[in-house]
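Data first, discussion second: the structure below is written as structure tokens.
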Amino acid sequence: MTQPEILQITLLGATGSIGGSALDVISRHPDRYQIYAITANTNVAALEKLCLQWLPRFVVMNDEVSAAELSARLQNSDVDTQVLSGESGLLQVVRDPAVDCVVAAIVGAAGLVPTLAAAKAGKRVLLANKEALVMSGKLLIDTARLNNALLMPVDSEHNAIFQCMPDCLTQHHSSVKMANQQAKSGVERILLTASGGPFRTYSAEQLRDVTPAQAVNHPNWDMGRKISVDSATLMNKGLELIEAYWLFDMDIANIDVVIHPQSVIHSMVTYSDGSVLAQLGNPDMRTPIAHALAWPERIASGVEPLDILAVAKLDFEQPDLDRFPCLRLCYEAIKTGGTASIVLNAANEVAVSAFLDEKIAFTKIAEVIEQTLNEATITDDVSSLERILAADMMARTITNECIRAIQ
């Protein structure tokens, strides 16, 4: 019996929480997967450790200074790894013909360019970078279709939706659906679950005094600082709402957000016959990563099966759009269309950074985003990467001006 071919993987964002979970899953299946390239921002020490452990063919740092430091460190080892830097390095390791799969786990707008390049190269793309779809939804989807790329959602909610969709919608080459196929399959609604974050029960007055330390302390998930703040404002769920809109070709009126504090049901799909299919599991990102890596097969993820008796109860609530206006802003951006989602995402990244640096209050994040959306010029043309990046840059300039005005 012949051995199956070992798939070569490029992991973008190897030192983040998603990167760590992906490496844990991959380590359990050395007969199936091999790390070909890993990338990180500027954490030289962490990437050096990963190079010594995984022996990748390539490694990419964000800038030349970090790359030079890593290269110097690796010279004293037996690791035969080529060190690259910057966007050109990222593009090289996602386009490489030897690469079968790209795990897109770079946080924020920085992940857009390499994710698009991976789709254009026809790779299996494990999409953990939601900003790529928020900023370039139609462009990314069209690129994947034209190049026969396999877009596999890694966000636990979108992976759950994918698992709850009928076989006729998932048996093809990607999670990108057509609306008429959904109608024929009886799919009616998507119920996107949200934990509610650490401040779900806070009053509007209490939210004004939230500190960065409190905001990054998520009750259920181990995430990076930026994503944790997004979860606390419900912006993370809003970005996932936009992502679901593009991934599953679903009218926004048929996508509901449901607060589910236990984070056991990761999302649901309702059908015309009254059925509601849900995907349940312990809150651990290794489950969706393992599913996306091996689909349509199933492999061990290292996650313990859910003990439903220990859970005991499941609670559900409607989101409060007055206390958490970021979610409202995301609904409005989808309805506006064009560059609105790009502006929203850029404004959020700048505002969250300012909050973490203690330059603005927690409740000012949404106010700054809304002000940026009101002042920015929203256009319909999102047909090219250049136009998307131009809208992103414009929005960041406006947001920084808004922040300076309130300091």
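Quick check on this structure: which one of Val343, Val350, Val368 is of a type outside the set (Lys, Arg), part of a helix (DSSP H, G or I), out of contact with any Gly (no Cβ under 8 Å at 6 or more places or on another chain) and under 19 Å from Gly137 (Cα atoms)?
Working: Val350 fails: under 19 Å from Gly137 (Cα atoms); Val368 fails: under 19 Å from Gly137 (Cα atoms).
Exactly one residue qualifies, and that residue is Val343.
Kindly indicate which of Ser85, Ser156, Ser77 is at pLDDT below 90 and not β-branched (Val, Ile, Thr). Break it down into steps so the answer makes sense when it comes.
Working: Ser85 fails: at pLDDT below 90; Ser156 fails: at pLDDT below 90.
The unique qualifying residue is Ser77.
Quick one: which residue in Ile18, Ile35 is at pLDDT below 95, surrounded by 15 or more Cβ atoms within 10 Å (Cβ to Cβ), under 24 Å from the mean Cα position of the chain (by Cα) and not in a loop (DSSP other than H, G, I, E, B)?
On the way: Ile35 fails: at pLDDT below 95.
After applying the criteria, what remains is Ile18.
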Margin query: Every residue in segment 263-275 that is closer than 13 Å to Met165 by Cβ and out of contact with any His (no Cβ under 9 Å at 6 or more places or on another chain), please.
Written below: Met268, Val269, Thr270, Tyr271, Ser275
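If you take the residues of segment 1-15 that are part of a loop (DSSP other than H, G, I, E, B) and among the hydroxyl-bearing types (Ser, Thr, Tyr), which of them is least open to solvent (accessible area, probe 1.4 Å)? Break it down into steps so the answer makes sense when it comes.
The initial filter retains those residues of segment 1-15 that are part of a loop (DSSP other than H, G, I, E, B), namely 1-6, 13-15.
Imposing the further condition that a residue be among the hydroxyl-bearing types (Ser, Thr, Tyr) reduces the set to 2, 15.
Numbers: Thr2: 124, Thr15: 61 Å².
In this case the residue turns out to be Thr15.
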Item checked: Residue check for Asp381: in contact with a helix residue (DSSP H, G or I) (Cβ under 6 Å, 6 or more places away or on another chain), among the acidic types (Asp, Glu) and open to solvent by 10 Å² or more (accessible area, probe 1.4 Å) -> yes
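Ser384: out of contact with any Asp or Glu (no Cβ under 7 Å at 6 or more places or on another chain) and modelled with pLDDT under 95, yes or no? Explain how you work it out, then say what you get.
On the way: out of contact with any Asp or Glu (no Cβ under 7 Å at 6 or more places or on another chain): yes; modelled with pLDDT under 95: yes.
Here the answer is yes, as Ser384 does meet what is asked.
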Next item on the list: Specify the residue that is farthest from the chain's Cα centre (by Cα); the eligible residues are those in segment 129-156 that are open to solvent by less than 20 Å² (accessible area, probe 1.4 Å) and farther than 22 Å from Val382 by Cβ.
Entry: Met152
Next item on the list: From the list Gly122, Gly196, pick out the single residue that is within 15 Å of Ala104 (Cβ to Cβ), modelled with pLDDT of 90 or more and either more than 19 Å from the chain's Cα centre (by Cα) or not in a helix (DSSP H, G or I) (or both).
Entry: Gly122
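Please specify each residue of segment 308-332 satisfying the condition of being part of a loop (DSSP other than H, G, I, E, B), in contact with a helix residue (DSSP H, G or I) (Cβ under 6 Å, 6 or more places away or on another chain) and in contact (Cβ under 8 Å) with a residue 12 or more places away in the chain. Can you show your working first?
Within segment 308-332, the first condition is being part of a loop (DSSP other than H, G, I, E, B), and the residues that meet it are 312-316, 318-324.
Checking which are in contact with a helix residue (DSSP H, G or I) (Cβ under 6 Å, 6 or more places away or on another chain) leaves us with 319, 321, 323.
Scanning segment 308-332 gives Pro319, Arg323.
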Notebook entry, point to check: Which condition number does Phe355 fail, the rest of (1) over 22 Å from Val216 (Cβ atoms); (2) open to solvent by less than 60 Å² (accessible area, probe 1.4 Å); (3) assigned to a helix (DSSP H, G or I) being met?
Noted result: (1)
Margin query: Scan segment 328-343 and tell me whether some residue there is crowded, with 18+ Cβ neighbours inside 10 Å and more than 26 Å from Ser383 (Cα to Cα).
Written below: no
Check: Which condition number in (1) in contact with a strand residue (DSSP E or B) (Cβ under 8 Å, 6 or more places away or on another chain); (2) open to solvent by less than 80 Å² (accessible area, probe 1.4 Å); (3) modelled with pLDDT of 95 or more is the one that His29 fails?
Finding: (1)
Next item on the list: Say whether the condition of being modelled with pLDDT of 85 or more and charged (D, E, K, R) is met by at least one residue in segment 170-185.
Entry: no
Margin query: Take Ile255 and tell me if it is among the β-branched types (Val, Ile, Thr), farther than 27 Å from Ala109 by Cα and more than 17 Å from the chain's Cα centre (by Cα).
Written below: no
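The values are calculated or read from the model by the stated rules, or taken from the named source; none is laboratory data. Keep in mind the model is a prediction, meaning the values are calculated, not measured. Virtual Cβ from ideal backbone geometry, glycine too; neighbours counted across all protein chains shown. Each accessible area value is taken on the protein alone, full model and side chains, heavy atoms only, with ligands, DNA and RNA left out. Shrake-Rupley method; radii C 1.70, N 1.55, O 1.52, S 1.80 Å.
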